[in-house]
Amino acid sequence: MAVNRRHFIGTAAGSALAGCASTQVAQAPQQSPATQGSAGTSQSLPRKLTYATMQTPEGWGLGIRTPGGVLDVRAAERVARTGAPVTMDAVIRQEGDLSALTRLAGMAQGDLSRFVVPEQSVRFGPVVTAPPKVLCIGLNYRAHVAEANEKLPTTPIFFNKFNSSLNAHNGTIQVSREHAKAFDYEAELVLVMGKGGRDIPEATALDHVLGYAVGQDFSARDLQLATSQWMMGKAGDGWGPIGPWLVGADLVDPQNLNIECRVNGQLRQSSNTSRMIFDIRQQIAFLSRNLTLEPGDVIFTGTPEGVIVGYPKDKQVWLKAGDRITTTIQNLGVQEVVLA
């Protein structure tokens, strides 16, 4: 039996179709000195780097992935003194010398090798710990729309999560304490904005992206279906794991990535980001026409088919405590979370 979700599609204004793309030049919000580089001007984003947020004795710190493991930038910077930022949020705010990160990464197999931590020993945090906004696009794969018994949307369907929704690789989602029961997975490509603005044209939209990450839009379908608004079923505590890695935008073709989700080892979702209805450029253009995007904003870009709510009702077995969700996106890594 098909699942009808038309009654809970949230309101979204405007169109992100290519023919409706804005032709205006993106106007970035004016930066204060605190959010600019050390020279007082906007810096170029570092290239060919893969980032992580990792636990350090001083709290969350910046990690850089290297062939030998993850460079603890905070610890390395105490010795190297290059002026590099030591948290992901500082990178986003362009505090310190961003170009120094490349130099530190180059020393990770030499002078700074003692600050490289094996990946299996890292306690990861959300790749961005304090985004200005967590924005989400729904019903963005054709086969997912079909399993939901919906018509193809003519404009992106927008909802949001909160910072309290953020979670990390090897994190735990505490479903046992929730009043909801119909828990579901949604594997998603996530992007983090490196530059903000209003009316960002599609043609230059990808230039505004800092990097891409594995995401899970964990959902409670009973809450989501209870009203015409999606957010209560989407924004619970820890319901937005992102990471372990934020792969630099210059290393990724976001519209050609295989994406999978497994539950307790069983394959549930398998698709490719080329099958999006609204691609990354269109999503950024649409969102920036209606609100100001800021550096550090997180955007969940939609899930493919295979979610539990798309099954016939007699086949719907909702997630429960003890289940393990493994999300894999080509070139971006593997994310695992466990339910408790």
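The values are calculated or read from the model by the stated rules, or taken from the named source; none is laboratory data. The model shown is predicted, which means the values in this text are computed figures rather than measured ones. Every residue, glycine among them, receives a Cβ derived from its backbone with ideal geometry; neighbour counts consider all protein chains shown.
A few comments on the model shown:
- Taken together, the residues in region 157-186 that are in a loop (DSSP other than H, G, I, E, B) and either more than 17 Å from the chain's Cα centre (by Cα) or at pLDDT below 95 (or both) amount to 6.
- Test: residue in region 304-322 that is buried (at least 16 other Cβ atoms within 10 Å of the Cβ) and within 24 Å of Ala52 (Cβ to Cβ): no
- Number of residues in region 107-130 that are in contact (Cβ under 8 Å) with a residue 40 or more places away in the chain and more than 22 Å from Glu336 (Cβ to Cβ) equals 7.
- The number of residues in region 232-286 being without any contact (Cβ under 8 Å) to a residue 40 or more places away in the chain and aliphatic (A, V, I, L, M) comes to 2.
- Taking the conditions (1) crowded, with 16+ Cβ neighbours inside 10 Å; (2) touching a residue at least 40 places away in the same chain (Cβ under 8 Å) in turn, Ala80 satisfies each one other than (2).
- Test: residue in region 284-298 that is hydrophobic (A, V, I, L, M, F, W, C), at pLDDT 95 or above and within 19 Å of Ala148 (Cα to Cα): no
- Boolean, Arg47 is modelled with pLDDT under 95 and touching a Ser or Thr at 6+ places or on another chain (Cβ under 9 Å): yes
- Residue ID - farthest from Val192 (Cα to Cα), chosen from residues in region 261-281 that are in contact with a Leu (Cβ under 7 Å, 6 or more places away or on another chain) and surrounded by 20 or more Cβ atoms within 10 Å (Cβ to Cβ): Ile277
- Applying the criterion of at least 3 residues that are among the hydrophobic types (A, V, I, L, M, F, W, C) to the strands (runs of 3 or more DSSP E) found wholly in region 43-151 leaves 59-66, 134-138.
- Residues being crowded, with 24+ Cβ neighbours inside 10 Å and in contact with a Leu (Cβ under 7 Å, 6 or more places away or on another chain) - total across region 216-241: 2
Each row is one residue, and each column tells you yes or no for (1) under 19 Å from Gly322 (Cα atoms); (2) among the hydroxyl-bearing types (Ser, Thr, Tyr); (3) touching a Pro at 6+ places or on another chain (Cβ under 9 Å).
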{"site": "Gln174", "(1), (2), (3)": "yes, no, no"}
{"site": "His179", "(1), (2), (3)": "yes, no, no"}
{"site": "Phe183", "(1), (2), (3)": "yes, no, no"}
{"site": "Ala187", "(1), (2), (3)": "yes, no, yes"}
{"site": "Gly194", "(1), (2), (3)": "no, no, yes"}
{"site": "Arg198", "(1), (2), (3)": "no, no, yes"}
{"site": "Glu202", "(1), (2), (3)": "no, no, no"}
{"site": "Ala205", "(1), (2), (3)": "no, no, no"}
{"site": "Val209", "(1), (2), (3)": "no, no, yes"}
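- Residue, surrounded by the fewest Cβ atoms within 10 Å (Cβ to Cβ), within region 53-77, restricted to residues that are β-branched (Val, Ile, Thr) and under 26 Å from His208 (Cα atoms): Thr66
- In region 152-180, residue surrounded by the most Cβ atoms within 10 Å (Cβ to Cβ) [restricted to those that are β-branched (Val, Ile, Thr) and over 15 Å from Met231 (Cα atoms)]: Ile173
- Where strands (runs of 3 or more DSSP E) fall entirely within region 194-310, those with at least 1 residues that are touching a helix residue (DSSP H, G or I) at 6+ places or on another chain (Cβ under 9 Å) and farther than 22 Å from Pro46 by Cβ are at 258-263, 266-272.
- The C-beta contact set for region 307-335 (first residue on the phi < 0 side of the Ramachandran plot, second residue in a loop (DSSP other than H, G, I, E, B) and of a type in the set (Asp, Glu), distance under 6 angstrom, 6+ apart or interchain) comprises Val307/Glu186.
- Per-region count, region 143-181, residues over 21 Å from Thr328 (Cβ atoms) and out of contact with any strand residue (DSSP E or B) (no Cβ under 6 Å at 6 or more places or on another chain): 20
- Counting the residues of region 99-151 that are farther than 30 Å from Glu305 by Cα, touching a Ser or Thr at 6+ places or on another chain (Cβ under 7 Å) and crowded, with 17+ Cβ neighbours inside 10 Å gives 5.
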